[in-house]
Amino acid sequence: MGWRARLLLVVACAACGGGGSDVMGGDDGPGPLPAPSCQPAASGSTAVAAPVLAYTLNDRWQEAWLASPAVADLDGDGTIEIVVPRHELLLVWRATPGGGGTVAWKQTMPGRIWSSPVVADLVASKPGLEVAVASRGQIFAFDAQGQPLAGFPVTWRDELRSLAAGDIDGNGSLELVAVSSTPLSQNNQRDIVIAVTGDGSTIAGFPPNTSGAAGCDAACYVTGGYDQNIAVGDVDGDGKADLFATQDNAYMSLHAGTGRAFDAAPIFDGRTKFSGIRWMVDYRLAQQGYADDEAVDEQAHFTNTAPAIADLDGDGRPELIALGSIQNAAQDQREKGVGLFVAHPDGTRPDPWVTPPRFPGYLAGLWDFGDNLVGITNQVSVAELDPAHAGPELVFAGFDGKLHAVDARGAELWSRTYTTSAEEWTGGVAIADLSGDGSPELVLTTYGTAGGRLVILDAGGNVLHDLPLGGRGAMPVPTIADADADGELDIVVSLKDAVDRTRSVVIYAVAGSAPNCLLWPTGRGNLRRDGYVPPP
């Protein structure tokens with residue numbers, strides 16, 4: 001099947017599977033399908049098979065928050081484990097023949113697990129991979145068999161809603177970094193970031209501001225982070241990962257692994273540190289540090305921003321990426337859509353991003369539903385969708401009921417309406433090739449009071465499949481991986497509710513897929529949950 005034939009199939013198939021085409025179609029129209037951006041699989045096809053429910057996993061009544069599942073062979077025995085937090089339970093399943101699953105191990109936490117589990121080699125001396133989660137004010141870590149690691153749990157500030165891993169001291173081992181919604185206030189400074197080693201020891205220089213390691217003056221404006229507000233990656237090319245934290249105001253923080261706060265460029269008046277830069281929409285006002293007219297001038301707000309780090313311009317130096325909600329500086333007009341901010345480590349903006357792209361439409365999502373249904377996470381998925389455009393593309397949901405794809409220079413490639421309901425939202429987008437043809441697909445789930453859906457789009461934003469999930473849908477970003485070691489990809493969905501106490505996690509098989517192109521296959525991009533795409 002050729003490119004044009006596949007495009008006709010896309011248009012014809014918009015009504016496949018769940019009757020959602022009237023919602024997804026809108027007036028956006030079908031977009032052109034880009035050329036493949038990945039190496040195709042040997043058995044690749046241009047047709048993306050409809051997902052088929054293959055496994056149903058359940059254990060008790062526990063609901064999910066925003067923790068994207070993890071799929072990995074934890075102990076290296078060739079059998080895949082599926083790691084899913086369900087409220088205060090950390091559950092590890094194995095898929096079993098017949099479409100079910102068995103619980104390999106589980107641990108009860110002191111409270112809800114908000115963000116995605118980290119699965120990585122945290123302790124080199126132990127075989128297999130470790131699993132770490134943040135529960136309320138504590139970080140927990142377990143070995144491949146579910147035994148607690150020595151030195152854990154680590155207690156800090158309630159509530160830890162962000163957790164990621166990275167080598168922040170350059171010693172070859174991974175450290176864990178968490179962000180709290182409740183700042184620590186000491187020594188005329190505030191802190192929300194903590195970093196610990198694989199044995200639970202706090203890293204020297206953390207918490208950075210209150211300890212003095214950051215070098216902050218009075219203009220380091222830090223407050224709590226509420227939703228996966230951390231990205232970890234090397235932004236200055238020194239071989240050590242840095243910490244990029246967003247927060248519940250118009251400011252953001254950037255720290256080296258020593259705790260040092262990155263300096264602000266001299267153009268920012270009276271601001272010595274990155275964490276003193278006020279992210280006004282107007283670049284002149286950002287340099288000035290305040291609004292000319294607070295009723296009119298606009299600024300970003302990063303309460304629910306899950307940031308990313310990626311090299312957009314191909315110069316080998318990553319940029320900082322943050323999708324913020326937009327409000328006026330007086331903060332009495334807050335439903336003004338979203339803006340996409342890109343910056344260098346000194347707070348300056350690359351030329352194409354001096355004026356952040358704005359998506360001002362507003363349907364819903366800034367405010368929580370209630371009944372444990374939370375607002376939209378302002379997160380960006382980073383992946384090469386269209387090789388005709390230099391650099392990776394940025395994909396995200398706005399408050400306007402649409403998905404948006406923006407190229408590395410800030411130009412919108414397409415938008416696609418995924419809902420017209422103010423009571424249906426998405427948690428974010430996973431990206432992988434589901435047919436082996438080298439062209440990635442976009443996978444999202446929706447959630448809300450009236451149910452949710454599993455939706456698959458191609459790289460041009462055209463709807464391929466739209467399936468009902470039941471219950472209140474799924475808040476976490478789905479995970480794309482081979483969950484049963486059969487060589488084909490599966491879509492792992494952690495449902496908001498344990499539907500009838502028989503369905504906590506559902507796994508859809510995608511026939512004809514292969515692991516040739518996993519670009520952003522899970523929440524925060526990878527199982528380190530670092531939001532980082534290293535330079536090529």
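Mind checking whether some residue in region 137-150 is surrounded by fewer than 20 Cβ atoms within 10 Å (Cβ to Cβ), among the aliphatic types (A, V, I, L, M) and in contact with a helix residue (DSSP H, G or I) (Cβ under 8 Å, 6 or more places away or on another chain)?
no
So which strands (runs of 3 or more DSSP E) stay within region 424-524 end to end and still have 3 or more residues that are at pLDDT 95 or above, out of contact with any helix residue (DSSP H, G or I) (no Cβ under 7 Å at 6 or more places or on another chain) and open to solvent by less than 10 Å² (accessible area, probe 1.4 Å)?
Answer list for region 424-524: 424-432, 441-448, 453-457, 490-499, 503-509.
Do you know which residues across region 121-136 are buried (at least 22 other Cβ atoms within 10 Å of the Cβ) and not β-branched (Val, Ile, Thr)?
Result: Leu122, Leu129, Glu130, Ala132, Ala134, Ser135.
Could you grab me the full set of residues in region 239-260 that are part of a strand (DSSP E or B) and either more than 24 Å from the chain's Cα centre (by Cα) or of a type outside the set (Val, Ile, Thr) (or both)?
Within region 239-260, Asp242, Leu243, Phe244, Ala245, Met252, Ser253, Leu254, His255 qualify.
If you take the residues of region 234-270 that are among the polar types (S, T, N, Q) and open to solvent by 10 Å² or more (accessible area, probe 1.4 Å), which of them is farthest from Thr305 (Cα to Cα)?
Filtering region 234-270 for residues that are among the polar types (S, T, N, Q) and open to solvent by 10 Å² or more (accessible area, probe 1.4 Å), the one farthest from Thr305 (Cα to Cα) comes out as Thr258.
So which residues in region 173-214 are open to solvent by 20 Å² or more (accessible area, probe 1.4 Å), without any contact (Cβ under 8 Å) to a residue 40 or more places away in the chain and of a type in the set (D, E, K, R)?
Across region 173-214, the qualifying residue is only Arg190.
Need a quick list: strands (runs of 3 or more DSSP E) entirely within region 157-238 having at least 2 residues that are hydrophobic (A, V, I, L, M, F, W, C) and under 19 Å from Gly111 (Cβ atoms).
160-166, 175-186, 189-196
Which members of region 77-94 meet the condition of being under 25 Å from the mean Cα position of the chain (by Cα) and farther than 18 Å from Ala64 by Cβ?
Ile80, Arg94
Just need a number here: residues in region 104-121 that are in a strand (DSSP E or B) and farther than 19 Å from Val177 by Cβ.
Selection size over region 104-121: 5.
Taking region 338-359, which residues are in contact with a Gly (Cβ under 6 Å, 6 or more places away or on another chain) and surrounded by fewer than 18 Cβ atoms within 10 Å (Cβ to Cβ)?
Correct list: Pro352, Arg358.
When you scan region 299-364 for strands (runs of 3 or more DSSP E) that lie fully inside it, which ones turn up with 1 or more residues that are more than 23 Å from Ala256 (Cβ to Cβ), modelled with pLDDT of 95 or more and over 16 Å from the mean Cα position of the chain (by Cα)?
Fully inside region 299-364 and qualifying: 319-328, 338-343.
Output the number of residues of region 160-171 satisfying the condition of being surrounded by fewer than 18 Cβ atoms within 10 Å (Cβ to Cβ), more than 21 Å from the chain's Cα centre (by Cα) and touching a residue at least 12 places away in the same chain (Cβ under 8 Å).
Residues meeting the conditions: 1.
Scan region 275-284 and tell me whether some residue there is open to solvent by less than 50 Å² (accessible area, probe 1.4 Å), without any contact (Cβ under 8 Å) to a residue 60 or more places away in the chain and part of a loop (DSSP other than H, G, I, E, B).
Scanning region 275-284 turns up at least one residue that is open to solvent by less than 50 Å² (accessible area, probe 1.4 Å), without any contact (Cβ under 8 Å) to a residue 60 or more places away in the chain and part of a loop (DSSP other than H, G, I, E, B).
Checking the structure you have, find out if any residue of region 352-363 is touching a residue at least 40 places away in the same chain (Cβ under 8 Å) and over 22 Å from Met252 (Cα atoms).
Yes.
Which residues, counting only those in region 367-385, are over 17 Å from the mean Cα position of the chain (by Cα) and either at pLDDT below 95 or surrounded by fewer than 21 Cβ atoms within 10 Å (Cβ to Cβ) (or both)?
Trp367, Asp368, Phe369, Gly370, Asp371, Asn372, Leu373
Test Gly448 against the criterion of being touching an Asp or Glu at 6+ places or on another chain (Cβ under 8 Å), among the small types (Gly, Ala, Ser) and either touching a residue at least 12 places away in the same chain (Cβ under 8 Å) or within 19 Å of Gly339 (Cβ to Cβ) (or both), and give yes or no.
For Gly448, the condition - touching an Asp or Glu at 6+ places or on another chain (Cβ under 8 Å), among the small types (Gly, Ala, Ser) and either touching a residue at least 12 places away in the same chain (Cβ under 8 Å) or within 19 Å of Gly339 (Cβ to Cβ) (or both) - is met.
The values are calculated or read from the model by the stated rules, or taken from the named source; none is laboratory data. Because the structure is a prediction, the values reported are computed rather than measured. All Cβ positions, even for glycine, are placed from backbone atoms using ideal geometry, and neighbour counts span all protein chains on display. Each accessible area value is taken on the protein alone, full model and side chains, heavy atoms only, with ligands, DNA and RNA left out. Shrake-Rupley method; radii C 1.70, N 1.55, O 1.52, S 1.80 Å.
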